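Step one of this worksheet: look at the structure below.
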Amino acid sequence: MNINYLHPADQLVMFMQRIYDKGLTTTSGGNLSIIDDDGNIWITPAGVDKGTLTRGDIVCVRPDGTCIGPHKPSSELPFHASVYRRRSDIRAVLHAHPPALVAFSIARRLPNVDLVPNVRKTCPKIAMATYAVPGSEALGENIGREFDSGVNIVILENHGVCIGAEDMFSAFKMFETLDFTANLEINARKIGKPCQLPPEAFNSTETRYHLKMDDFIPHSHTPEELAARRDMITLIRRSYRQGLFTATHGTYSVRLSDGSFLITPFGHDRAYLEAEDLVRIKAGMKEQGKTPSRAVHIHELIYQRNPDINAVLIAHPVHGMAFAVTEVPFDVRTIPESYILLRDIVKLPFNEIYTDPEKCALEFAPNRPAIIFKNDCVIVTGETLLKAFDRLEVLESTAHSIISAADLGDIVHISDAEIDELKVAFDLKD
């Protein structure tokens, strides 16, 4: 979806709905704005339910201060206007109060953006603005000073976060990514000490395999392929709603019977992905006119080395990833379902997925359908797409339970003898 073809009012409604539905703001909290080429500021209204916002509720503030619309503009209009005055490159401003980022704002700390590589790439600089009364000119000045320094993300002391970008989707990507790393750090600290990536590690993630693939032209689409596209889109959207994906991170692929496979595209918004956006990969070539995920090579190798695997999911579930950024082992012997579906999960070094993907592809086995890559991702596989998705859900649910149990006492794992019983009862192969 190209949001540049959407009216500013429609964009504000769309993104506020996403923010509200994900629980990242409240009925009365948060505000969004867009400035158009004529200098008009389109902004969400004051005192209107964020869960039922319509295009007719959006207020247009003319350059002379005249307000067009049925409501008053957000009380935070002064700081939105302050950002636009200071930074001509910023065309959209997002302000909200997601619980994790509010936690950092009231602790007067900045989230760690070096736990996984994609965060610093999306959120390179963060600042904190001194507290001032909401809606005041003083708050606008405090926030504006930080934007003057070239920062696009500002956490407000005892308040929330303000993000400016060239468009609302870019602002939302930063917002969602920052909220992810804030939650990741909070979860990781409940079970251990977060381990951040060294600066040199980021260079190894700059893979370009997906950009160098030759093209092929598909001349037809079989019912099998069309069904796979449909089912992938259904579960990709569900993954996004459940927080297993962010807007631009997370990759699904499904193998077809002719040996080709379908994979998510690079850079597309997962919330609005369509079946035609998925990229078919055949004999090392990509569907003409499309760019596959940067992870296409590891998917390709997993299929080549594991004939029983027909679906591969790469994701960043926020509880599961807490084990990726700490040294705490992920022992899934918590309830029978967790062990039956996940078996023996190992953690591999961060660099291996980039420096030795062949070796990583060979690590998968019937008793090892999922692997955690330190400070990077989880990869879950399955004989079918639904089986792989089930495993991903169970992995995240299991991690959530373990983290929650940390405040209750020592975990009692299923014993070795009980594991042996499960292996017999469910015919689990090693």
Quickly run through the stretch 310-347 and pick out the residues that are touching a Lys or Arg at 6+ places or on another chain (Cβ under 7 Å), closer than 22 Å to T181 by Cβ and of a type in the set (A, V, I, L, M).
A324
What tally of residues in the stretch 202-245 results from selecting those that are at pLDDT below 90, in a loop (DSSP other than H, G, I, E, B) and crowded, with 19+ Cβ neighbours inside 10 Å?
1
Among I3, I43, I19, which is of a type outside the set (F, W, Y) and more than 26 Å from Q242 (Cα to Cα)?
I43
Scan the stretch 148-187 for residues that are among the aromatic types (F, W, Y) and out of contact with any Ser or Thr (no Cβ under 8 Å at 6 or more places or on another chain) and jot them down.
F169, F172, F175
Matching residues in the stretch 188-201 (touching a Ser or Thr at 6+ places or on another chain (Cβ under 9 Å) and either open to solvent by 40 Å² or more (accessible area, probe 1.4 Å) or not in a loop (DSSP other than H, G, I, E, B) (or both)) number 6
Tell me, which residue of the stretch 265-316 that is of a type in the set (A, V, I, L, M, F, W, C), open to solvent by 20 Å² or more (accessible area, probe 1.4 Å) and under 24 Å from the mean Cα position of the chain (by Cα) is modelled with the lowest pLDDT?
A271
Can you give me the number of residues within the stretch 380-430 that are part of a helix (DSSP H, G or I), within 30 Å of R237 (Cβ to Cβ) and open to solvent by 50 Å² or more (accessible area, probe 1.4 Å)?
8
Criterion: open to solvent by 10 Å² or more (accessible area, probe 1.4 Å), of a type outside the set (A, V, I, L, M), at pLDDT below 95 and on the phi < 0 side of the Ramachandran plot - qualifying residue of T54, T26:
T26
Out of curiosity, is I340 within 30 Å of D269 (Cβ to Cβ) and hydrophobic (A, V, I, L, M, F, W, C)?
no
Would you be able to tell me the number of residues in the stretch 107-141 that are open to solvent by 20 Å² or more (accessible area, probe 1.4 Å) and over 29 Å from H249 (Cα atoms)?
9
Tell me whether the stretch 20-35 contains one or more residues that are closer than 16 Å to E166 by Cα and of a type in the set (S, T, Y).
yes
Those residues that are of a type in the set (V, I, T) and either part of a loop (DSSP other than H, G, I, E, B) or closer than 13 Å to F389 by Cβ (or both), I need them from the stretch 252-278; list them, please.
V254, T264
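The values are calculated or read from the model by the stated rules, or taken from the named source; none is laboratory data. Fair warning: this is a prediction, and the values are worked out from it, not measured in the lab. For neighbour counting, all protein chains shown are included, and Cβ atoms are generated from backbone atoms with ideal geometry for every residue, glycine included. Remember, those area values only see protein heavy atoms, side chains included, never the ligands or the DNA or RNA. Shrake-Rupley method; radii C 1.70, N 1.55, O 1.52, S 1.80 Å.
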